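Trainee: Got a structure for you, questions after.
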């Protein structure tokens, strides 16, 4: 393995040893190929391409290509993206109500729900 692939993901094209800088995905239902900045992590149904192969990309007749321009300033998620993720994690981690603040429940009313499971008060 050469140094270009040791420092990051390599181009998916056979025999190419260049560093990947673009990710190619397909929307088969719409006959569209999408080429954009390198994805944050390798996806099983996406192809990482070097700049040369990304620029030379051709698609079958009837297909179109959407190219999202790369910016040297885009080196990952923005501060706003990271803060939104952090806020969502904090919101999920904080309990919504204390158990002491719950009103009395009528017979048969749900007392909690988690995913597809639910807890109901006993009939006793």
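Trainee: Taking segment 6-50 as the search range and keeping residues that are under 15 Å from the mean Cα position of the chain (by Cα) and over 23 Å from residue 61 (Cα atoms), which one is surrounded by the most Cβ atoms within 10 Å (Cβ to Cβ)?
Mentor: Within segment 6-50, the match that is surrounded by the most Cβ atoms within 10 Å (Cβ to Cβ) is 38.
Trainee: Which one of the conditions (1) modelled with pLDDT under 65; (2) in contact with a strand residue (DSSP E or B) (Cβ under 8 Å, 6 or more places away or on another chain); (3) surrounded by fewer than 15 Cβ atoms within 10 Å (Cβ to Cβ) does residue 101 fail to meet, given that it meets all the rest?
Mentor: (2)
Trainee: Would you mind stating whether residue 76 is modelled with pLDDT under 75 and at positive phi?
Mentor: When the stated conditions are applied, residue 76 passes them.
Trainee: Okay, moving on. Please name all residue pairs, on different chains or six or more residues apart, with Cβ atoms under 9 Å, provided the first residue is in segment 62-75 and is outside any loop (DSSP other than H, G, I, E, B) and the second residue is loosely packed, with under 11 Cβ neighbours inside 10 Å and modelled with pLDDT of 90 or more.
Mentor: Qualifying pairs under 9 Å: 65/58.
The values are calculated or read from the model by the stated rules, or taken from the named source; none is laboratory data. Keep in mind it's a predicted model, so treat the numbers as computed, not measured. Cβ coordinates were reconstructed from backbone atoms using ideal geometry, including for glycine residues, and neighbour counts include every protein chain displayed.
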